[in-house]
Amino acid sequence: MKRNVTRFDRTPGKTKRSQDMRRDMPPAEVLLWSRLKGRQLNGLRFRRQHPVGPYFLDFYCAEIKLCVELDGDQHGQENALRKDQQRTGFLETKSVTVLRFWNDEVYKNLEGVIDAISEQALYLRKEAASQQGGVSSP
């Protein structure tokens, strides 16, 4: 039986770290969260700083297994790029789709970021429904 990502490797220490990270979110994450919280995006519930394995996901929607990551300038460095690739690879083994945006994109084009997340969310929702037999493919 495959473990559910929403309960994967949850410990009291990780819960505390998640709470601390939510309290100290970078400004770009605060701005994006203002548009994701409260099921504002297609009625989907997103979580902040959700622990999965050794990682904490900036934003995660369990219903469609969608992770949204915001990256600052430090993510452009070679070492950080390699770590991000490892993280994405790990999440893909858990059937999680990862969307990445630069913090700068959130500041300069929040609507475009929201549109991209919404488009991916609708696609994943449709995929999930068709796999469960709820929607037939043409």
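Okay, here's what the table says:
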quantity: Val68 vs. criteria farther than 27 Å from Thr11 by Cβ, modelled with pLDDT of 95 or more and under 15 Å from the mean Cα position of the chain (by Cα); calculated: no
quantity: Total residues in the range 92-114, condition assigned to a loop (DSSP other than H, G, I, E, B) and among the hydrophobic types (A, V, I, L, M, F, W, C); calculated: 1
quantity: Near pairs, Cβ below 8 angstrom, 6+ apart or cross-chain, from the range 23-38 (over 17 Å from Asp104 (Cβ atoms)) to any residue that is in a helix (DSSP H, G or I); calculated: Leu36/Ile117
quantity: Close pairs from the range 90-108: first within 19 Å of Gly72 (Cβ to Cβ), partner assigned to a loop (DSSP other than H, G, I, E, B), Cβ under 8 Å, at least 6 apart; calculated: Trp102/Gly72; Asn103/Pro26; Asn103/Gly72
quantity: Top-ranked residue of the range 38-65 - restricted to ones that are at pLDDT 90 or above and among the small types (Gly, Ala, Ser), ranked as surrounded by the most Cβ atoms within 10 Å (Cβ to Cβ); calculated: Ala62
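The values are calculated or read from the model by the stated rules, or taken from the named source; none is laboratory data. Predicted, not measured: the structure shown is a model, and the values here were computed from it. Positions of Cβ are generated from backbone atoms using ideal geometry, with glycine treated the same way; all protein chains shown enter the neighbour counts.
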